[in-house]
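See structure below.
The values are calculated or read from the model by the stated rules, or taken from the named source; none is laboratory data. Owing to the predicted nature of the structure, the values given are computational and were not obtained by experimental measurement. Glycine gets a Cβ as well: all are built from the backbone with ideal geometry, and neighbour counts include every protein chain shown.
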Amino acid sequence: MLTRTITGFFLFVFAGLWLFFPVSETESARYLALDIFNIVTVLIVVIGGWEFSKLVFLWEGDRAGADPSVSGKPPRNLFLKRSLYAAFVFLVALLAFKDVVREVGFGDWARPAEVLSNLSNGFVFWVLMAGLFWWLLATVMVFCYPRSGVMMRFWWQRALYGLFTLIPFGVSLMLLRGTGISHYGDDPCIGSRILLSVMMLVWSADSGAYFAGRLLGKHHMSSHVSPKKTWEGLAGGVLLALAVYCILYCTGMYTVYYSNFAALTVSAVLAVVFSVFGDLSESMFKRYAGIKDSGVIFPGHGGMLDRIDSLCAAVPVFLLSYSILSVLLS
C-alpha cells in the first residue's frame, strides 16, 4: 500500500508537469511547453505499444501463475517481435503526430470544436475515425466475450487493436492540448485545463464506480471480463463525475468549449461511460492472454496501459463527440 501511495504521488506530480510545464517568456521559446508535451506523449504511446506487444505476441510464460518449469525460456524471436511492434507503433505515432503539429500550427486553431471539418479528409481525420470505430467495436466485444475471442485469435488482429487504442489517443491528446494556440500568448494553458478536466472526470468516475460497486453492486456488466464491474458501479461513477463536471464548469475549466453547453455535457458523459469500456477492453485482452498486469513500470500500479486504459477511450471520445455534437446541436 505504501509503495502504491508513493508511486501515485509521483505520477500526480509528473502529470502536472506534463500538462502545465512552465512557459518561457521569451518569444523564441514560447511553444517549448507544447514541444515537451508532445515528446512525452510520444514516449507514453511507445511504452504503451511495448506493453501491448505482450498482448499481441503471446507466450505461456507470461501467463499469471504459469509454471516456469513448464513454460521454460521465451523463444529467441519473441523479444524481436515485440520490439518490432513497439517500433512500428513509434513510426505510426510519428507520422500521425507530425500531421497534428502541422494542422494545429496552421491557421487560427482557436479550438478544435469542429475538428473533423478542420482536418478535412487528411491522415489525422482517418486516425480519429478509426479510433471511434474501434471503441464502438471494443464495447461490443466486451459484452460478447468470450465469444468475441474469435476476433482476437490472430496476432495481426490484436496488433491492429493496439494501434487503434494508442494512436488516436495520442492524436487526441495533442489536439486538445493545442486548443487555443492562436491565443497562446494570452493564455497558454487553455488546452491543459481542458485535458485536466477530462482526466478528472475519468478519475472521479473510477472512484465513484468503486464505492458504488462495493456498496450496491449486484448486476455485472461483463462477468467474463471483470467480475467486479457492475451497472450500479457505472451509475455511481457517472453521478460522481457529473457532480465534478458541474464544479469544473463553474470554475472555468472548459474555457472556449462554453459555446455549446448541451454538446459539452453530453460529451463529458460519453467520455465517462467509454472510459469504463477502455478499462474493460484492456481487461479483456489481458484475460485472453492470461496475464494480470500489462507491465511493471510503476511499482504498485502495474504498467503504462494499466494507468491510461480508461483515458485511451475517454480522450478521443470527448474530442470527437464534442466536435460532432457542436455541429448537430448548434
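Quick rundown of the values:
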read-out	value
Selected residue (only one of Gly278, Gly290 is surrounded by fewer than 19 Cβ atoms within 10 Å (Cβ to Cβ), touching a residue at least 60 places away in the same chain (Cβ under 8 Å), of a type in the set (Gly, Ala, Ser) and out of contact with any His (no Cβ under 6 Å at 6 or more places or on another chain))	Gly290
Selected residue (criterion: nearest to Trp231 (Cα to Cα)) from residues of the stretch 174-209 that are of a type in the set (Ser, Thr, Tyr) and surrounded by fewer than 17 Cβ atoms within 10 Å (Cβ to Cβ)	Ser207
Hits in the stretch 145-173 (condition: without any contact (Cβ under 8 Å) to a residue 40 or more places away in the chain and loosely packed, with under 15 Cβ neighbours inside 10 Å)	Arg147, Val150, Arg153, Phe154, Trp156, Gln157, Leu160
In the stretch 296-319, the residues that are modelled with pLDDT under 90, over 11 Å from the mean Cα position of the chain (by Cα) and either crowded, with 21+ Cβ neighbours inside 10 Å or on the phi > 0 side of the Ramachandran plot (or both)	Gly300, Gly302, Gly303
Single match in Ser283, Ser294 (criterion: of a type in the set (S, T, N, Q) and either farther than 17 Å from Gly162 by Cα or assigned to a helix (DSSP H, G or I) (or both))	Ser283
Leading residue by the ranking (modelled with the highest pLDDT) among those in the stretch 1-24 that are outside any helix (DSSP H, G or I) and more than 21 Å from the chain's Cα centre (by Cα)	Pro22
Scan of the stretch 210-226 for residues that are within 16 Å of Ser281 (Cβ to Cβ) and either loosely packed, with under 14 Cβ neighbours inside 10 Å or out of contact with any strand residue (DSSP E or B) (no Cβ under 9 Å at 6 or more places or on another chain) (or both), ordered by number	Ser223, His224, Val225
